[in-house]
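The structure appears right after this line, and notes come after that.
The values are calculated or read from the model by the stated rules, or taken from the named source; none is laboratory data. This one's a predicted model, so the numbers in the text were calculated from it and none came from an experiment. Here the Cβ is made from the backbone with ideal geometry for all residues, glycine too, and neighbour counts use every protein chain on show. Please note that ligands, DNA and RNA were not included when accessible areas were found on the heavy atoms of the full protein model with its side chains. Shrake-Rupley method; radii C 1.70, N 1.55, O 1.52, S 1.80 Å.
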Amino acid sequence: MMEQDPLSQLRDIHLPQPGGFWPPAPGWWFLFAIALALAVLAFVLVRRKQRRNRWLGVAKRELLRLEQTAAADNDWFAALNQLLKQSARMRYPEQVPESLSGEPWIRFLLETSPKDRVASRPVVEAMVNSAWQPVPGCRPEEAVAFARVWLGGQRC
(Lines give C-alpha, C1' and ligand atoms only; values in the text may rest on other atoms or scores of the structure.)
Protein backbone atom coordinates (compact mmCIF):
# COMPACT_ATOMS: atom_id res chain seq x y z
CA MET A 1 0.00 0.00 0.00
CA MET A 2 1.03 3.39 -0.72
CA GLU A 3 1.19 5.82 1.96
CA GLN A 4 -0.59 8.96 1.08
CA ASP A 5 0.13 12.36 2.30
CA PRO A 6 -3.02 13.49 4.16
CA LEU A 7 -2.19 17.14 3.52
CA SER A 8 -2.37 16.62 -0.21
CA GLN A 9 -6.03 15.72 0.10
CA LEU A 10 -6.96 19.09 1.62
CA ARG A 11 -8.53 21.65 -0.62
CA ASP A 12 -7.74 25.32 -0.68
CA ILE A 13 -9.89 27.51 1.57
CA HIS A 14 -12.57 29.27 -0.42
CA LEU A 15 -13.99 32.31 1.33
CA PRO A 16 -17.40 33.58 0.31
CA GLN A 17 -17.67 36.82 -1.61
CA PRO A 18 -17.85 39.79 0.76
CA GLY A 19 -21.34 41.25 1.13
CA GLY A 20 -21.97 44.52 -0.63
CA PHE A 21 -23.43 47.70 0.70
CA TRP A 22 -26.84 46.93 -0.73
CA PRO A 23 -29.21 45.50 0.43
CA PRO A 24 -28.71 46.31 4.09
CA ALA A 25 -29.35 43.78 6.78
CA PRO A 26 -32.84 43.72 8.35
CA GLY A 27 -31.56 45.41 11.50
CA TRP A 28 -30.50 48.45 9.50
CA TRP A 29 -33.95 48.68 7.89
CA PHE A 30 -35.51 48.59 11.35
CA LEU A 31 -33.17 51.30 12.63
CA PHE A 32 -33.92 53.46 9.58
CA ALA A 33 -37.67 53.06 10.13
CA ILE A 34 -37.37 54.11 13.78
CA ALA A 35 -35.23 57.14 12.90
CA LEU A 36 -37.68 58.19 10.19
CA ALA A 37 -40.65 57.83 12.57
CA LEU A 38 -38.88 59.93 15.22
CA ALA A 39 -38.04 62.62 12.67
CA VAL A 40 -41.66 62.80 11.49
CA LEU A 41 -42.90 62.95 15.09
CA ALA A 42 -40.47 65.77 15.93
CA PHE A 43 -41.56 67.70 12.84
CA VAL A 44 -45.25 67.31 13.71
CA LEU A 45 -44.72 68.40 17.33
CA VAL A 46 -42.66 71.45 16.37
CA ARG A 47 -45.18 72.44 13.72
CA ARG A 48 -48.07 72.07 16.16
CA LYS A 49 -46.30 74.23 18.74
CA GLN A 50 -45.60 76.90 16.10
CA ARG A 51 -49.27 76.96 15.13
CA ARG A 52 -50.36 77.21 18.76
CA ASN A 53 -48.05 80.18 19.34
CA ARG A 54 -48.71 82.00 16.06
CA TRP A 55 -51.09 84.39 17.84
CA LEU A 56 -48.23 85.47 20.09
CA GLY A 57 -46.17 86.78 17.17
CA VAL A 58 -49.18 88.69 15.86
CA ALA A 59 -49.82 90.17 19.32
CA LYS A 60 -46.18 91.25 19.69
CA ARG A 61 -46.27 92.98 16.29
CA GLU A 62 -49.48 94.74 17.24
CA LEU A 63 -47.91 95.81 20.54
CA LEU A 64 -44.96 97.24 18.62
CA ARG A 65 -47.37 99.17 16.40
CA LEU A 66 -49.19 100.49 19.48
CA GLU A 67 -45.88 101.44 21.05
CA GLN A 68 -44.96 103.50 18.00
CA THR A 69 -48.28 105.34 18.12
CA ALA A 70 -48.28 105.75 21.90
CA ALA A 71 -50.49 108.55 23.14
CA ALA A 72 -51.69 109.38 26.61
CA ASP A 73 -55.39 109.21 25.77
CA ASN A 74 -58.09 106.75 26.72
CA ASP A 75 -58.52 105.43 23.14
CA TRP A 76 -54.91 104.25 23.06
CA PHE A 77 -55.27 102.52 26.44
CA ALA A 78 -58.53 100.94 25.28
CA ALA A 79 -56.71 99.54 22.22
CA LEU A 80 -53.95 98.17 24.46
CA ASN A 81 -56.50 96.52 26.77
CA GLN A 82 -58.28 95.09 23.73
CA LEU A 83 -54.99 93.60 22.50
CA LEU A 84 -54.36 92.03 25.91
CA LYS A 85 -57.90 90.62 26.04
CA GLN A 86 -57.57 89.10 22.57
CA SER A 87 -54.27 87.54 23.57
CA ALA A 88 -55.74 86.27 26.84
CA ARG A 89 -58.65 84.72 24.92
CA MET A 90 -56.17 82.80 22.73
CA ARG A 91 -54.05 81.64 25.67
CA TYR A 92 -56.78 81.01 28.27
CA PRO A 93 -59.99 80.22 26.34
CA GLU A 94 -61.49 78.22 29.21
CA GLN A 95 -61.43 81.24 31.57
CA VAL A 96 -63.32 83.56 29.15
CA PRO A 97 -61.06 86.58 29.86
CA GLU A 98 -62.68 88.82 27.22
CA SER A 99 -65.70 89.21 29.50
CA LEU A 100 -63.63 90.52 32.41
CA SER A 101 -63.33 94.18 33.29
CA GLY A 102 -62.29 96.28 36.24
CA GLU A 103 -60.93 94.46 39.27
CA PRO A 104 -61.40 90.90 37.88
CA TRP A 105 -59.43 91.86 34.74
CA ILE A 106 -56.65 93.41 36.85
CA ARG A 107 -56.52 90.29 39.03
CA PHE A 108 -56.46 88.04 35.94
CA LEU A 109 -53.55 89.99 34.41
CA LEU A 110 -51.56 89.82 37.64
CA GLU A 111 -52.26 86.11 38.19
CA THR A 112 -51.28 85.14 34.65
CA SER A 113 -48.20 87.33 34.40
CA PRO A 114 -44.86 85.46 34.44
CA LYS A 115 -43.91 84.30 37.92
CA ASP A 116 -40.24 85.14 37.46
CA ARG A 117 -41.08 88.82 36.93
CA VAL A 118 -42.87 91.06 39.36
CA ALA A 119 -45.84 92.90 37.88
CA SER A 120 -46.64 96.14 39.61
CA ARG A 121 -50.28 96.25 40.70
CA PRO A 122 -50.51 100.07 40.60
CA VAL A 123 -49.26 100.12 36.99
CA VAL A 124 -51.78 97.47 35.94
CA GLU A 125 -54.62 99.24 37.76
CA ALA A 126 -53.71 102.56 36.17
CA MET A 127 -53.40 100.94 32.73
CA VAL A 128 -56.81 99.24 32.93
CA ASN A 129 -58.54 102.29 34.43
CA SER A 130 -56.96 104.65 31.87
CA ALA A 131 -59.08 103.07 29.15
CA TRP A 132 -62.22 104.77 30.48
CA GLN A 133 -60.89 107.79 32.37
CA PRO A 134 -60.81 111.15 30.59
CA VAL A 135 -57.28 111.79 31.90
CA PRO A 136 -55.19 108.60 31.96
CA GLY A 137 -53.40 107.86 35.19
CA CYS A 138 -50.68 105.78 33.53
CA ARG A 139 -47.84 106.60 31.22
CA PRO A 140 -47.89 104.69 27.90
CA GLU A 141 -44.29 103.52 28.42
CA GLU A 142 -45.22 101.76 31.68
CA ALA A 143 -48.25 100.15 30.08
CA VAL A 144 -46.23 98.91 27.08
CA ALA A 145 -43.54 97.56 29.42
CA PHE A 146 -46.13 95.58 31.38
CA ALA A 147 -47.80 94.33 28.19
CA ARG A 148 -44.44 93.19 26.84
CA VAL A 149 -43.67 91.31 30.07
CA TRP A 150 -47.14 89.77 30.15
CA LEU A 151 -46.99 88.66 26.50
CA GLY A 152 -43.47 87.31 27.04
CA GLY A 153 -44.76 84.78 29.56
CA GLN A 154 -47.71 83.45 27.55
CA ARG A 155 -46.24 80.64 25.45
CA CYS A 156 -48.38 77.54 25.07
Members of the range 104-129 that are among the acidic types (Asp, Glu) and open to solvent by less than 80 Å² (accessible area, probe 1.4 Å): Glu125
Number of the condition not met by Arg155 [criteria: (1) open to solvent by 30 Å² or more (accessible area, probe 1.4 Å); (2) out of contact with any Leu (no Cβ under 8 Å at 6 or more places or on another chain); (3) outside any helix (DSSP H, G or I); (4) in contact (Cβ under 8 Å) with a residue 12 or more places away in the chain]: (2)
Any hit, the range 76-95, residues being in contact with a Phe, Trp or Tyr (Cβ under 6 Å, 6 or more places away or on another chain) and either open to solvent by less than 100 Å² (accessible area, probe 1.4 Å) or assigned to a helix (DSSP H, G or I) (or both): yes
Residues of the range 130-152 that turn out to be open to solvent by 50 Å² or more (accessible area, probe 1.4 Å) and of a type in the set (Phe, Trp, Tyr), as a count: 1
Pairs with Cβ under 6 Å, 6+ apart, first in the range 123-140 and under 12 Å from Ala78 (Cβ atoms), second hydroxyl-bearing (Ser, Thr, Tyr): Pro136/Ser130
Given (1) surrounded by 15 or more Cβ atoms within 10 Å (Cβ to Cβ); (2) small (Gly, Ala, Ser); (3) within 13 Å of Gln82 (Cβ to Cβ), number of the condition Ser101 does not satisfy: (1)
Flag if Ala42 is part of a helix (DSSP H, G or I) and open to solvent by less than 100 Å² (accessible area, probe 1.4 Å): yes
Residue list for the range 60-74, restricted to those being part of a helix (DSSP H, G or I), at pLDDT 90 or above and more than 23 Å from the chain's Cα centre (by Cα): Leu66, Glu67, Gln68
Top-ranked residue in the range 51-75 [being of a type in the set (Asp, Glu) and free of Cβ contacts under 8 Å to residues at least 60 places away in the same chain; ranked as surrounded by the fewest Cβ atoms within 10 Å (Cβ to Cβ)]: Asp75
Any hit, the range 89-110, residues being within 14 Å of Ala147 (Cα to Cα) and without any contact (Cβ under 8 Å) to a residue 12 or more places away in the chain: no
